[in-house]
Amino acid sequence: MRLQRHKMGADDFEPLTMIGKGAFGEVRICREKSTGHVYAMKKLKKSEMLRRGQVEHVKAERNLLAEVDSNCIVKLYCSFQDEEYLYLIMEYLPGGDMMTLLMRKDILTEDEARFYVAETVLAIESIHKHNYIHRDIKPDNLLLDRNGHMKLSDFGLCKPLDCSNLQEKDFSLGNNLSGALQSDGRPSPVAPKRTQQEQLQHWQRNRRMLAYSTVGTPDYIAPEVLLKKGYGMECDWWSLGAIMYEMLVGYPPFYSDEPMSTCRKIVNWRTHLKFPEEANLSPKAKDLISKMLCNVDQRLGTKGADEIKSHSWFKGIEWDKLYQMKAAFIPEVNDELDTQNFEKFEEADKEIQTSSKAGPWRKMLSSKDVNFVGYTYKNFEIVNDHQLPGIAELKKKSTKTKRPSIKSLFDDESTKAASQPVQGSFLNLLPPN
């Protein structure tokens, strides 16, 4: 009980190597001082959350991680805050991400792709069952554990399906851009004609830069999102179709030199969805991709994940045993602090960006700021196994107290900031109405 009463804070952890960085903060591996166990610490700057209207998004991310208990989702152990930052302590997955794997291997075989697409289907299904939409499914957010199994991460754009404002204003296009994307029969700018290998090389030269830029890449965004239409869970299945195409061909289906040209191709997908002959995709693979990269009304997954699971490309997959099988790829991991499968980041001499102790947003902050009431969370229900040590050992002794519901996580009536996309998302380019 003493451990349960202990209030977790940043001082309980030793920050180690940085494995991710953005406008709002950073991700590091860290060591819990009392146990020596290693975790991933996501540290978000409150002043940036407020300034960029990300309060509701960061709440939704915390809520989902606290609510969803699945082998397919990165596990949250605890969350807490201090005067300047919000913290998420999560399991560390040392296998890197799917983006890095694809850059190393160029393309996957259909058997390899089938394994990871199947695990991604289970991950998307698990959040949909809790009435969340991820809205940012892309290879960068598919992490691999030390055994090569995939887990979905980065829920900074996730949203409850029953949210009343899940409409155009979430991913809003300014008038100057929305008109440019409309499918009005005008031809898109002609891109240089490239072979599959030339296109793959061009994509890989730009991929890493796009992933860590403020612009990001629109390659996985569904057309109904770009066109300011109301959307639902189906947008995640479109993203999966784009990822499957990239796994098998080497680059996304609508890749272009310019992001806005990519958007036009996505909106006019009927004209631009093509399969290069030299990729030698099987008819079943082409069929599945085509049935995810299509209109919402015809898109597989619209009536549930079983529509996708039952496709003939997955014949022979034992869905309930995927995470007990040997993975298609086993990453090289030498020890618990190994970060070789992640991008290397230069350590700054000072805090990320300017201190929140200055400027108008500082006046809105305190360790008990109403905007972040209820953020603190400790998971006592995680199964205690050898792969999930540390805080996971703090189990509840009483079986009567249940995991807090999403409704109880945030009872405050904090001011709702306007939704804006996060750093690294192409949606930052799209101005509000």
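Coordinate-derived values only; no laboratory data. Quantities reported herein were computed from a predicted structural model and do not represent experimental measurements. Cβ placement follows ideal geometry from the backbone for every residue including glycine, while neighbour counts extend to all protein chains displayed.
Quick look at the numbers
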quantity	calculated
Share of alpha-carbon pairs per 5 Å distance bin for the range 1-155, given as whole %	2, 8, 17, 20, 20, 16, 11, 5, 2, 1, 0
Neighbour-count ranking [beta-carbon atoms within 10 angstrom, fewest first] of Ser79, Ser290	Ser290, Ser79
Per-residue HN-Hα couplings for the range 42-56 [Karplus 6.51, -1.76, 1.60; θ = phi - 60°; Hz; x = Gly/Pro]	9, 10, 10, 7, 4, 4, 6, 4, 6, 5, 9, x, 9, 4, 5
Estimated inter-spin distance, Asp335 and Thr17, nm [label 7 Å along Cα→Cβ]	1.1 nm
Linear extension gain, Lys326 paired with Gln298, 0.36 nm per residue minus alpha-carbon span	6.7 nm
Estimated inter-spin distance, Thr109 and Asp82, nm [label 7 Å along Cα→Cβ]	5.0 nm
For Arg146, distant residues with modelled amide H under 5 Å away	Gly95
